[in-house]
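Input: a single structure, listed below in C-alpha cells.
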Amino acid sequence: MKLSEIASLLGGRLQGDPGMEITGVSGIEDAGPGDITYLLKPSLAGKAEGSSAACIIVKDAFLPGLNKSQLAVDDPQLAFVRLLEHFHAASRPAAGVSGLAFISEGAEIDSQAAVLPFAFIGEGARIGAGSVIYPGVFVGAGSKIGRDCTLYPNVTVREGVTIGDRVRIHAGSVIGADGFGYIMREGRHIKIPQVGGVVIEDDVEIGACTTIDRATTGNTLIGKGAKIDNLVQIAHNVKIGVGSIVVAQAGVAGSSTLGNYVIVAGQAGIADHVRIEDGSVVGANSGVMPGTSLSKGAYAGSPVMPHRQWLKAMSLTARLPEMNKALQDLEKRLSGLERRLLREE
Amino acid sequence: MKLSEIASLLGGRLQGDPGMEITGVSGIEDAGPGDITYLLKPSLAGKAEGSSAACIIVKDAFLPGLNKSQLAVDDPQLAFVRLLEHFHAASRPAAGVSGLAFISEGAEIDSQAAVLPFAFIGEGARIGAGSVIYPGVFVGAGSKIGRDCTLYPNVTVREGVTIGDRVRIHAGSVIGADGFGYIMREGRHIKIPQVGGVVIEDDVEIGACTTIDRATTGNTLIGKGAKIDNLVQIAHNVKIGVGSIVVAQAGVAGSSTLGNYVIVAGQAGIADHVRIEDGSVVGANSGVMPGTSLSKGAYAGSPVMPHRQWLKAMSLTARLPEMNKALQDLEKRLSGLERRLLREE
Amino acid sequence: MKLSEIASLLGGRLQGDPGMEITGVSGIEDAGPGDITYLLKPSLAGKAEGSSAACIIVKDAFLPGLNKSQLAVDDPQLAFVRLLEHFHAASRPAAGVSGLAFISEGAEIDSQAAVLPFAFIGEGARIGAGSVIYPGVFVGAGSKIGRDCTLYPNVTVREGVTIGDRVRIHAGSVIGADGFGYIMREGRHIKIPQVGGVVIEDDVEIGACTTIDRATTGNTLIGKGAKIDNLVQIAHNVKIGVGSIVVAQAGVAGSSTLGNYVIVAGQAGIADHVRIEDGSVVGANSGVMPGTSLSKGAYAGSPVMPHRQWLKAMSLTARLPEMNKALQDLEKRLSGLERRLLREE
C-alpha cells in the first residue's frame, strides 16, 4: 500500500515520499523496514528515532529533525488500530456446517454461520448469521448465539445461555457451569440446584479459560460492551455493567453487582454481595470484603481502601521496621527523662 | 403444581389459597408472579413484601400482615432446594455410546452410561452405570469413572485416575496433568517423571477450568464429599480431606494436606508441605507459607495469622499514616521537653 | 529389576542383597515393599527407618544401623529421576494420523507424528516427527509444532504460533488467544487487532489451563527451557527468559520482560512493562507495579520490596496492634511529663 493511499485512508498530512510502499503495521519496537508505526506521545520521540520503521504516525505536528516519513493525524492510536484492521482483515472460515460437526435435533443454524468439525450443537440451540463456531465448541440445549459471534476452539456454552451479537469468546472458556452453592446439613454439603442462566449482551469479549457461572435462579449478566480477560471467575448471579473491564485472574463472587464502566484490575478479588458504583476502579490484587458497597472512586488493598490512602499505607508498611525502631528510641528517651525527673524529686 | 401439593411435599403449614397454581421456584429477588420463593431469615421480611412471588416459604411462623400466601416449614432453605430439584429434574442424555465417540480397545462402558459424540475413552478405561460423558471429554488409559458421574464438555482425565461415584466435573477441568517438578542440574531443569495418580472419592464436585495434578508417586487425593470451585489449582501429592471446600482461584501447592471440613476461601494460596487441621478456615486471598502447620482455627492475611488479629492489623494498616504522624508528633514533643530540660540545667 | 542391575545402571555402591527384586520406584512416604526410594538429606534419616521401601538410595555414605538395603550415589535425587524414567518409560501413541482427525489443506504432518481422533490441524500447519497431538487439540492455520512435542487433550494453539522441539503443553491450555487491548473512544472500547504471534522455544513445558496470549504486533516469547505451571496468565508481548520458572496462578501482564532463570512464585502478579533481571525471584502472591525495573534479587510483598525487608515488615504488620498500644502508652506518659513540668513552672 502506498503511503499516499494510507494518508488519504486516515485523513492525515504527509511529510515524505508519497509513493513509498508500506508493507506492514507494527508497534514501534517491533517495526521493521517497510513498516508504518505510531508514536503514542511526543515525549517518546526518542523511540521514533531508534525505530526501523519507514513511517511514523504522529499527533498533529511533525517531529523536527526526524529522518523518516511522518504522517500527522488527530488520533495516532486510533489511526494505528484502523491500519491494523486494514492490513490484517481477519479471514473467517467460510459459512456452512461441517459434516463432522454434530447438530442435535431442532437446532437452528443460520445459513451464513460457520460450524467447524467436532463442534456439538445441542437440541433447539440457535446460531446466528455470520457467527463462527470453532472445533471442540459445545453449545448446550436451547442456548442462543447471536449474529457475528466467534466461539474459539474448545469453548463450552452450557444449556440455557443467551449470547448477543458480535460477542467473542476465546478458547477454553466455560459459560454457564453450575454456580458454587451448597447447604450443609448433618455433615453433608447438599447441592443447591443451579437452574438459572447466563445472559451475555452485545459486543462483549471474553478471554481464554474464563469461567462465567449460571445463576441459581434468574441470570448472571454481562452487560453490553464489557471486556473480560483470561482466567477470570464470574460467579452465579453476578451482574457486570455496560462497558466494564475485568482484567486477567480477577474474580467476582456470587451476587455481586458492578456498575457501568467499572474497571477491576488483575488478580483482584470481589467477594459476594458487593456493590460497586459506575466508573469505579479496583486495583490489582486488591480484595473487596463481602457485602461492601463502594461509592465511585479508585480503591486498592485488601481489604480495599481509597487508592491514595493505600499508596501511603503501603509505603509505610515497607517502612515499618524504621517506625518500630523510632518507637523504641522514643521509649528509651522518654524513660530516660522519667528516670531523671524521678531523681530530681 | 398446586400450593397444597407443595405443602404436602414439604410437610409445611399453609396460609393462603391451597388451589393456587405455582409455576416456578426462584430466589426472592428474581421471583415473578406464580413463583414460590423463601425467606432466609425473618429480619429480611422487607424483601418478602417487595417480592413479586406468589408464595413465600418462612421459618416456623407466618409473617404478620404480609399480603401473600405463606408456607411455614422447619428449614426454608432445605425446602427451597427440594423444590428446585422437583421443578428442575435434570434431563440426562439417554444411555448409550454415540457412534461419533472413540472407544479404545479394552474400554468397558456400562450399558447404562451415556458417551456423547467426540468423547475419547482410552484403553482399558471404565465408565460406570448412569455416568454421562459429554462431548470433547478425554478419559485416559486405565482410568476409572464410577457410577452416576457427570463429566461436562472438554474435561480431560489423564491415564491412571480413579474417580468414585456421583462425582461431577465441570467443563474444561483437567485431572491428572503432570505435577510441576524439576531438578536443576548444570543450568537445565530436568523433569521429575510424574508417575503417580489421582484419586477422587465419592460425591466430590469439581468446578470449571480447575486443575488437579497427578502425584509424583502415590496419589493426589480429593476426599469424599469435598467441593472444589472453578479455576482452582491442586498440585501433586496434595490430600484434601472429607467434606472440605476450596473456593474459586485458590491454590494448594505440592504435598500439602488439608484435614476434613476445611474451608479455603477464594484466591487463597496454600504453599507446599502445609498441614491444616480439621475444620479450619483460611480466608480469601490469604497466604500460608511453606511447611506451616495450622491448628484448628480461622486464619487470614499473607502470611496468615489468626483471623481476629488480622482484622485488627488490617484496620491499623489503613491507619498507618495516622500512626506515623502520631509518632512524629511524639518525637517533636519529646525533643521539646529534652531541650527545655537541657536549658534548665 | 535386580538391585545389582540398578546399582550398575546408576553407578552406585550397594549394601544389601544384590539379587533382591525391585518392583517399583516411589517417594519415601508412598513406598511399599519391593520399592526403591531415596533420601533427600541425611537429616531425614528417620524417614528412611519408617519407610516400607526395600532399598534406600543415599548420598555417598551408608546410613549406620539401617535395617534395609542401601545404594550410595553422588546425587540421589538425580538417581531417583533416572529410575523413574527407567521404570515408567512413557508409552507414546503409535505414529500415524487418525482417520477421525481433521487435517486441513496444506497441513504437513511428519510420518513419525501421531495425530489422534478429533484433533483439528489448520491449513498449512506443520507437525514435526515424534510429536503427539491428543484428542480435541486445535492447531491453527500456519502454526508450526517442532519435533517430539506433546500437546495434551483439548489444547488450543491458534494461528501463527511457532513451537520448538520437545515442548510439552498440558491439557486445556490456550496459546495465541488475542491479547487484551482496547482503546476507549466515545464511550466504547475499540479492539486493537492482535496480529502478532507467539514463539515457544525448545524444551519448554507449559501446565494445564494456562493462557499465553499472542502479541499485538511482533511476538510473545517463551525462552528455551522455561517451565510454566498450571493456570498461569502470560499476556501479549511478554518475554520470558531462558530457564525461567512461573509457578501456578501467577500472571505476567503486557510487554513485561523476565530475564533468564527468573522464578515467579505462585499467584504472584507482574504488572505491565516491568523488567526483571536474570536470576531474580518474585515471591508467592506478591505484586510488581507497572513499569518497575527489578535488579537482581529476591522480592516479596505487594508492591514488592526486598524479601528480607518484607519478612520484617510482615512480622511487624502482625504486631501492629502492639505497636499501636505502645504508641498510645508513650503518648500518655509524655502527656504526664508535660503536665508535671507545666505544674512545676
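The values are calculated or read from the model by the stated rules, or taken from the named source; none is laboratory data. What you see is a predicted model, and the numbers here were worked out from it, not measured in a lab. Neighbour counts run over all protein chains shown; Cβ positions are idealised from the backbone, glycine included. When the accessible area is computed, the model is the full protein with side chains, heavy atoms only, and any ligands, DNA or RNA have been set aside. Shrake-Rupley method; radii C 1.70, N 1.55, O 1.52, S 1.80 Å.
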Review point. Among (1) exposed (fewer than 14 other Cβ atoms within 10 Å of the Cβ); (2) over 21 Å from C:I190 (Cα atoms), where does A:C55 come up short?
Key: (1)
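Can you tell me which of B:R166, B:R214, B:R188 is under 24 Å from B:G96 (Cα atoms) and among the basic types (K, R)? Reasoning before the result, please.
Numbers: B:R214 fails: under 24 Å from B:G96 (Cα atoms); B:R188 fails: under 24 Å from B:G96 (Cα atoms).
Step by step, each of B:R166, B:R214, B:R188 is checked, and only B:R166 is under 24 Å from B:G96 (Cα atoms) and among the basic types (K, R).
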Check your understanding: Does the range C:190-207 hold any residues that are β-branched (V, I, T) and more than 7 Å from chain A (Cβ to nearest Cβ), and which are they?
Key -> C:V198, C:V199, C:I200, C:V204, C:I206
Practice item. Those residues that are surrounded by 14 or more Cβ atoms within 10 Å (Cβ to Cβ), charged (D, E, K, R) and within 12 Å of chain A (Cβ to nearest Cβ), I need them from the range B:60-86; list them, please. Key: B:D75, B:R82, B:E85
Check your understanding: If you go through the range C:314-328 one residue at a time, do you hit one that is buried (at least 17 other Cβ atoms within 10 Å of the Cβ), in a helix (DSSP H, G or I) and among the β-branched types (V, I, T)?
Key -> yes
Point to revise | All positions within the range C:111-132 that are open to solvent by less than 60 Å² (accessible area, probe 1.4 Å) and away from chain A (no Cβ under 14 Å) | key: C:A113, C:A114, C:I127, C:G128, C:A129, C:G130, C:S131, C:V132
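Return a yes/no flag: does the range B:184-195 have any residue that is among the β-branched types (V, I, T) and over 20 Å from B:T162 (Cβ atoms).
Checked the range B:184-195: at least one residue is among the β-branched types (V, I, T) and over 20 Å from B:T162 (Cβ atoms).
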Practice item. State which residue pairs qualify: first residue aromatic (F, W, Y) and inside the range C:96-118, second residue open to solvent by 30 Å² or more (accessible area, probe 1.4 Å) and in a loop (DSSP other than H, G, I, E, B) in any location, beta carbons under 7 Å apart, and separation of 6 or more residues or different chains. Key: C:F102/A:L100; C:F118/C:L100
Review point. If you scan the range B:133-158, which residues turn out to be surrounded by fewer than 24 Cβ atoms within 10 Å (Cβ to Cβ), more than 9 Å from chain C (Cβ to nearest Cβ) and over 22 Å from the mean Cα position of the chain (by Cα)?
Key: B:G142, B:K144
Practice item. Please work out which residue is farthest from B:P153 (Cα to Cα), limiting yourself to the range A:162-177 and to residues that are surrounded by fewer than 24 Cβ atoms within 10 Å (Cβ to Cβ) and away from chain C (no Cβ under 14 Å). Key: A:D165
**Study point:** Any chance A:K59 is at pLDDT below 90 and out of contact with any His (no Cβ under 7 Å at 6 or more places or on another chain)
**Key:** no
Review point. Could we say that C:Q194 is touching a residue at least 40 places away in the same chain (Cβ under 8 Å), outside any strand (DSSP E or B) and either open to solvent by 10 Å² or more (accessible area, probe 1.4 Å) or not assigned by TED's automatic domain parsing to the domain that holds C:D229 (or both) here?
Key: yes
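So that you can scan it fast, the table gives a plain yes or no per residue for (1) within 12 Å of chain B (Cβ to nearest Cβ); (2) surrounded by fewer than 21 Cβ atoms within 10 Å (Cβ to Cβ):
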position: A:Y182; (1), (2): yes, yes
position: A:R185; (1), (2): yes, yes
position: A:C209; (1), (2): yes, no
position: A:G223; (1), (2): no, no
position: A:K239; (1), (2): yes, no
position: A:Q249; (1), (2): yes, no
position: A:G259; (1), (2): no, yes
position: A:A268; (1), (2): yes, no
Check your understanding: So which pairs qualify, if the first residue must be in the range A:311-335 and more than 19 Å from B:S315 (Cβ to Cβ) and more than 7 Å from chain B (Cβ to nearest Cβ), the second must be in a helix (DSSP H, G or I) and open to solvent by 20 Å² or more (accessible area, probe 1.4 Å), the Cβ gap must be under 6 Å, and the two must be at least 6 apart or on different chains?
Key -> A:P321/C:K312
Check your understanding: Name the residues in the range C:270-282 that are open to solvent by 30 Å² or more (accessible area, probe 1.4 Å) and in a strand (DSSP E or B), would you?
Key -> C:R275, C:V281
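What number of residues within the range B:29-51 satisfy the criterion of being open to solvent by 30 Å² or more (accessible area, probe 1.4 Å) and under 28 Å from the mean Cα position of the chain (by Cα)? Walk me through how you get there before you give the answer.
Looking only at the range B:29-51, we keep the residues that are open to solvent by 30 Å² or more (accessible area, probe 1.4 Å), and these are B:29-30, B:33, B:38, B:40-47, B:49-50.
Retained after the next criterion (residues that are under 28 Å from the mean Cα position of the chain (by Cα)): B:29-30, B:38, B:40-44, B:47.
Of the residues in the range B:29-51, 9 are open to solvent by 30 Å² or more (accessible area, probe 1.4 Å) and under 28 Å from the mean Cα position of the chain (by Cα).
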Review point. Scanning for something within 14 Å of chain C (Cβ to nearest Cβ) and open to solvent by less than 10 Å² (accessible area, probe 1.4 Å), does the range A:87-104 turn up at least one residue?
Key: no
Practice item. For residues that are within 20 Å of B:S280 (Cα to Cα) and without any contact (Cβ under 8 Å) to a residue 60 or more places away in the chain, tally how many sit in the range B:214-234. Key: 11
Exercise for review: Evaluate the range B:259-275: report whether one residue or more is under 17 Å from C:D30 (Cβ atoms) and touching an Asp or Glu at 6+ places or on another chain (Cβ under 7 Å).
Suggested key: no
Exercise for review: Kindly indicate whether B:R339 is more than 9 Å from chain C (Cβ to nearest Cβ) and either touching a helix residue (DSSP H, G or I) at 6+ places or on another chain (Cβ under 9 Å) or touching a residue at least 12 places away in the same chain (Cβ under 8 Å) (or both).
Suggested key: no
Exercise for review: Please work out which one of (1) open to solvent by 10 Å² or more (accessible area, probe 1.4 Å); (2) more than 11 Å from chain A (Cβ to nearest Cβ) is the condition C:T216 fails and give its number.
Suggested key: (2)
Review point. Can you pull out the strands (runs of 3 or more DSSP E) entirely within the range B:1-108 that have at least 3 residues that are out of contact with any Phe, Trp or Tyr (no Cβ under 6 Å at 6 or more places or on another chain) and not assigned by TED's automatic domain parsing to the domain that holds B:R126?
Key: B:35-38, B:55-59, B:69-73
Check your understanding: Tally time: how many residues in the range C:283-302 are open to solvent by 20 Å² or more (accessible area, probe 1.4 Å) and more than 14 Å from chain B (Cβ to nearest Cβ)?
Key -> 10
Exercise for review: Go through the range B:109-145 residue by residue and tally those that are out of contact with any Asp or Glu (no Cβ under 9 Å at 6 or more places or on another chain), hydroxyl-bearing (S, T, Y) and more than 17 Å from C:F118 (Cα to Cα).
Suggested key: 1
